[in-house]
Amino acid sequence: MGFERQKDFGTPESQSAEQVTLTIDGREVTVPAGTSVMRAAAETGGDIPKLCATDNMKAFGSCRLCLVEIEGARGTPASCTTPVMPGMVVKTQTPRLEKLRRGVMELYISDHPLDCLTCSANNDCELQEQAANVGLRDVRYGYEGDNHLALPTDHSNPYFDFDPSKCIVCSRCVRACDEVQGTFALTIDGRGFASMVSAGQDEDNFLASECVSCGACVQACPTATLQEKSVKAIGRPEKAVVTTCAYCGVGCTFRAEMRGEQLVRMVPWKDGKANRGHSCVKGRFAYGYANHKDRITRPMIRDSIDQPWREVSWEEALGYTAGKINDIKARHGARALGGITSSRCTNEETYLVQKLVRSVFGANNVDTCARVCHSPTGYGLKTTFGTSAGTQDFDSVMDADVIMVIGANPTDAHPVFASRMKRRLRQGAKLIVIDPRRIDLVRSPHIEAAHHLPLQPGTNVAVMTSLAHVIVTEKLYDEKFIRERCDWDEFDDWARFVSLERNSPEFLEAVTCVPAQTVREAARLYATGGNGAIYYGLGVTEHSQGSSTVMTIANLAMATGNIGRPGVGVNPLRGQNNVQGACDMGSFPHELPGYRHIHDAETRSVFEKDWGVTLDTEPGLRIPNMLDAAVDGSFRAIYIQGEDILQSDPNTRHVAAGLEAMELVIVHDLFLNETANYAHVFLPGSTFLEKNGTFTNAERRIQPVRKVMEPANGYEDWQVTQMLANAVGANWNYTHPSQIIEEIARLTPSFAGLSWERLNEIGSVQWPVNEKFPQGSPVMHVEGFASGKGKFVVTEYVPTDEKTGPRYPLLLTTGRILSQYNVGAQTRRTDNVVWHDEDVLEMHPTDAENRGFKTGDWAKLASRTGETTLRVLVTDRVAPGVVYTTFHHPSTQANVVTTDFSDWATNCPEYKVTAVQVMPSNGPSEWQEDYADLAERSRRIDTAMEPAE
Amino acid sequence: MSSTVETLRRMAGDIARNFAAMGHEKAVLATADHIYQFWDPRMKAAIFADDHSHLSPIARDAIEYLQTGSHPASQTRATEFNSVDEVGHSDAG
């Protein structure tokens, strides 16, 4: 694809099934009813000049450039605000229109700098383009009058500038902030000639405003008023390549706009089915880590972790590693070896890592970060629905009438989807939020939850069961759906259970801290408010009863008939970009790709025949069990691709002990992450910009990742894994990820219809994609559940063993913030740190006052597991008795405090409930001091030896 | 006793506790099924060798059932996996 802006049709696409035929400039055209004249013209080959119109927001009708003549109509109406009518005859270009448009353009240009040659938007400016289109040759008014040309530029945002001297006050930025992003940070301040775009109050600049830097305003701006600093620095892009974001599970697609091999900017792709042309601050701007000075591009080895790293050639690194692996295997057996696949890497890379572990190492000790996030989703939805993937596509939210958000904070963790959800809420859908914190969705501009259930952390099952109690006892369930789609006897058993008095909101109020009346009202709304859609996140899964809570959610959706059509469903919001794909590719220790158990001889034989090996017949170790086994001495070596378990996994001391006990830790990553402090081999990785492959997002959508620059380390990650496999003794010879996709399709029924070529043709597809579903599957369980009947499961509330008491009287829960991602390895190495440069501890004013804290004070956060220090933020966003922090910064290491307790079914850690005490502190904890020393020593690199190659 | 054995006891106990609503006999089978399908051999061996008096009755009976070399058929849909040519199930995490 060469560089050209994506076609802009001026106004949104009409969804009407009714067709209207009209004539435009003598051409008979047929378009859906509700289409604007502007769009009808653009869709049929005739663009009408425009400035204030753009197709991802409603028509505004202010610029008066898109005027047309319509037979029988008076005047010259704006084509953007005029809908097509049957038989309408439109003229878009007449002498009268020419004159009018030129006059309008003259007025615009009379207050616009004529610096096109030095302007950063030169040749990529709609104002410039439209001036040319209307034939502007002169400005009769001169430039001597009042103007805005001397207004200063606001450089405060790290990623874009606001130059009001170039603003034409078309309001596209303001409308983008309102309609697309839903933040309402911008406004037009003043009247008439004094009208100006403003980010908040007079004294606010963009950085100080409520702007969330999603980039929608920059994308919408038709001039250089709002423009990326990178474009100013580098120049106009010369080509664009569509690829998929490597941050959260939404899976936004972007045009990587390039000059040579230099990335100029990432612009959301309007045809992207997950993001529909929108973006967030991470995907849009936070890619600078790819060229950060911390990036390691040469392999390194060391014999022990107290030595400095030694840069070596790839050959030496791989030879050293293979020798160690073979030696450990000879001494301790294959089951002493294992690996962790990365949810940030492609499907093809993940597939190869599990293949390496199973077929080359010879054991099934492979796991992935889903272990610590959504593994309970897998267990819970599989038990109830028969298949565990999210049931809907993201578009589905636009058909929802009642949206229930449980244990998720979409505006921070899945911001692009949150913007769509907020758009639906502004249209009138009702919102129920179940979360210990008053997240932004509870109340933000033009959004207010109908009900917020601020439950006590650890009581999800109790709250969900009490909702079910109301639905059953008040007979609000959908009997027809249940009889058709589920087993009635199982429903009956479940209904009897939830109807017990001990499951009533009134009885459980003492446990959940949620007023019974609020629970009753929320239950009634969900059951009777129309299409009910549930979205949930790690606040559901990361508990000792994570799997049970997922089942309670599924029970509720089935009982109310909210499954199997657009606008309803059960939707896990997955954390990392390819966590769904990593699971699909066989990253769990008990199953091969396609969710087939390793015990199954027939399945094994398919892989054994294709791979030419004999597979271990028993499940392998999960991540926490690998660490236990390492401490016990039976697990000796691990290959970790693109994960930082030391920072992300619970009970950091135990993780460190496990890693330290291993003979060989191989870290394959972009940076010397925290886990690498305990590594013996470092294999440099490649970024998503440097590789080909596919990611699968939270809606099961498989999307292409395309290489836009050569890997700084020399190899894509799948190539590194292949080189390692071959060094250990395999004979792999893939030359492109498309061959790995072929192998996946050949061996995995749910991907049988997938190929790189097909994906490039259709853009994306939601699995299953095979003979039965050649076009993929946007909504699941439409005709019935994947495995026959939906299953109601009795879920008894079992309180966590993590209890508060006199020593640890507060409950800590952890989460994310908008500008940072996971352990921060990427985002901490971008300008996103201007918004969040340290983890802070949110504390309710009452708890703060009792302990003598004010915002900014240092506090020691201590649990039974460990302690750390961080600054306090006093806020009533958290309830009394609850404190909250993020885990983005290794200097804090929030997981020093979290415990080994985990979900009963999947061992997903109980990050969301830790009993803690908080007390004043005047410095870092002993752990932090020791760790800082270790991290510094561990990152020494001896570069004296030149690589052999 | 290693901390690993303590962890395994807790894991077995948690599984048993969450199946308890099924009634003792079914819960024993479900617990045994879960451990059979998801635990690595060394984990099973360690808990077999452990003193079972520390386990809850359901967990104990499940471990002793597995120790005889038996394993139950799938007791929940979580342990029904796709057959070789099947598409239906998944347990994406």
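One table, with the values for the structure above:
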| item | result |
| --- | --- |
| Percent antiparallel among DSSP beta bridges (both partners in region A:810-937, rounded to 5) | 65 |
| Test item: Cα-centred dipole of region A:383-528, Lys/Arg +1 and Asp/Glu -1 on Cβ, debye | 640 |
| HN-Hα J in Hz across region A:557-568 - Karplus 6.51, -1.76, 1.60, θ = phi - 60°, x for Gly and Pro | 5, 5, 4, 9, x, 9, 8, x, 7, x, x, 10 |
| Average beta carbon contacts from partner chains per residue of A:829-840, 10 Å cutoff | 0 |
| Neighbour count of at most 13 Cβ within 10 Å plus DSSP loop: longest chymotrypsin sites (Phe, Trp or Tyr not before Pro)-free window in chain A | A:144-949 |
| Region A:748-842: trypsin sites (Lys or Arg not before Pro) falling in loop per DSSP and having at most 15 other Cβ within 10 Å | A:LYS772, A:LYS803, A:ARG807 |
| Mean projected area (nm²) of the alpha-carbon convex hull when region A:492-605 is viewed from all directions | 10.1 |
| Per-q log10 I(q)/I(0), region A:810-937, q = 0.13, 0.15, 0.22 Å⁻¹ (Debye; single scatterer per alpha-carbon; no solvent) | -0.53, -0.71, -1.38 |
| Range of Cα positions in region A:719-869 per principal axis (Å), largest first | 65, 46, 34 |
| Cβ charges +1 (Lys, Arg) and -1 (Asp, Glu), total dipole of chain A, debye | 1560 |
| Those residues of region A:792-827 for which accessible area with every protein chain present is at least 40 Å² below the isolated value (1.4 Å probe) | A:VAL798, A:ASP801 |
| Global geometry of region A:1-152, whether rounded, prolate or oblate, following the gyration tensor of its Cα atoms and the 1.5 cut on a/c | prolate |
| Contact surface B-A: accessible area buried, both sides summed, square angstrom, 1.4 angstrom probe | 4100 |
| Nearby aspartates and glutamates by direct alpha-carbon distance to A:LYS91 (threshold 16 angstrom, same-chain neighbours under 8 apart not counted) | A:ASP25, A:GLU28, A:GLU43, A:ASP47, A:GLU69, A:GLU71 |
| A:VAL834 accessible area, assembled protein chains, probe 1.4 Å, Å² | 80 |
| Among A:THR652, A:MET88, A:VAL134 the positive-end extreme of the charge dipole of the protein assembly as shown (Cβ point charges) | A:MET88 |
| For region A:662-777: rounded, prolate or oblate by the Cα gyration tensor [a/c cutoff 1.5] | prolate |
| Ranking by accessible area, most exposed first, for B:THR7, A:THR384 with a 1.4 Å probe | B:THR7, A:THR384 |
| Heavy-atom accessible area per residue - chain A, 1.4 Å, Å² | 34 |
| Between region A:511-581 and region A:1-65, the Cα center-to-center distance that results, in Å | 39 |
| Pairwise centroid distance, computed over Cα atoms, of region A:443-491 with region A:887-928, Å | 31 |
| Solvent-accessible area per residue for chain B (1.4 angstrom probe, square angstrom) | 39 |
| Over 19 Å [Cα-Cα, region A:160-291], rounded percent | 50 |
| Diffusion coefficient, µm² s⁻¹, Stokes-Einstein with Kirkwood Rh over alpha-carbon pairs of region A:107-204 at 37 °C and 0.692 mPa s | 219 |
| Chain A - percent relative contact order, Cα under 8 Å, separation 6 or more | 13 |
| Calculated FRET value between A:CYS116 and A:ILE941, using beta carbons and R₀ = 41 Å, to 0.05 | 0.25 |
| Dipole-positive endmost among A:HIS889, A:SER921, A:GLN820 within region A:795-949 (Cβ charges, Cα centre) | A:SER921 |
| Added length on full extension, which subtracts the Cα-Cα distance from 0.36 nm per residue, A:HIS736 to A:PHE184 | 194.2 nm |
| Mean Cα-pair separation over length for region A:810-937, i.e. relative contact order, pairs under 8 Å, 6 or more apart, % | 33 |
| Global size of region A:884-947 as Cα Rg and Dmax, reported in angstrom | 16.9, 51 |
| A:LEU352 - accessible surface, heavy atoms, 1.4 Å probe, Å² rounded to 10 | 0 |
| Rg/Rh for region A:264-391, where both radii come from Cα atoms and Rh is the Kirkwood radius | 1.07 |
| Amide H contacts under 5 Å for A:ALA752, placed H, 5+ residues apart | A:VAL769 |
| Apportionment of accessible area to carbon and sulfur, region A:160-291, percent (1.4 Å) | 47 |
| Cα extents of the protein assembly as shown along the three principal axes, largest first (Å) | 96, 76, 65 |
| Coil-residue trypsin sites (Lys or Arg not before Pro) of region A:110-208, DSSP, other Cβ within 10 Å capped at 11 | A:ARG137, A:ARG140, A:ARG191 |
| Burial of 30 Å² or greater, region A:599-618 residues [accessible area, probe 1.4 Å, versus chain by itself] | A:HIS599, A:GLU618 |
| Listed residues B:GLY23, B:GLY69, B:GLY13, most fluctuating in chain B (Gaussian network, C-alpha, under 10 Å) | B:GLY69 |
| Helical contribution to [θ] at 222 nm, DSSP H n ≥ 4, -39,500 (n - 2.57), averaged over chain A, rounded to 500 | -8000 deg cm²/dmol |
| Percent accessible area from carbon and sulfur atoms, region B:1-68, protein chains only, probe 1.4 Å | 55 |
| Region A:296-337 residues near the modelled A:ASP933 label - backbone nitrogen below 18 Å, point 7 Å along Cα→Cβ | A:305-308 |
| In range of the label at A:ARG331: residues from region A:648-664 whose backbone nitrogen is under 13 Å from the point 7 Å along Cα→Cβ | A:662-664 |
| Chain B: translational diffusion in µm²/s, Stokes-Einstein, Kirkwood Rh over Cα pairs, 4 °C, 1.567 mPa s | 94 |
| Region A:160-291, relative contact order in percent, only Cα pairs under 8 angstrom and at least six apart counted | 21 |
| Residue pairs, from the table A:LYS912/B:LYS26; A:LYS50/A:LYS99; A:LYS7/A:LYS707, whose Cα atoms sit over 20 Å apart | A:LYS912/B:LYS26; A:LYS7/A:LYS707 |
| Aspartates and glutamates whose Cα lies under 20 Å from that of A:LYS789, excluding same-chain neighbours fewer than 8 positions away | A:ASP478, A:GLU479, A:GLU484, A:ASP487, A:ASP489, A:GLU490, A:ASP492, A:ASP493, B:GLU80, B:GLU86, B:ASP91 |
| Members of region A:623-661 that become less accessible by 20 Å² or more once partner protein chains are added (1.4 angstrom probe, chain alone as reference) | A:ASN625, A:ASP628, A:ASP632, A:SER634 |
| Amide H within-cut-off set for A:LEU431, under 5 Å, with H built and near neighbours excluded | A:ILE403, A:ALA450, A:HIS451 |
| Geometric extent, Cα atoms of region A:191-265 - Rg, Dmax (angstrom) | 15.5, 45 |
| Shape of region A:577-632, Cα gyration tensor, a/c cut at 1.5 | oblate |
| Most positive-pole-ward Cα, A:PRO308, A:PRO515, A:GLY200, against dipole of the protein assembly as shown from beta carbon charges | A:GLY200 |
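The values are calculated or read from the model by the stated rules, or taken from the named source; none is laboratory data. Please read all numbers here as calculations on a predicted model, not as lab measurements. All Cβ positions, even for glycine, are placed from backbone atoms using ideal geometry, and neighbour counts span all protein chains on display. Ligands, DNA and RNA are excluded from the accessible area calculation, which covers all protein heavy atoms including side chains. Shrake-Rupley method; radii C 1.70, N 1.55, O 1.52, S 1.80 Å.
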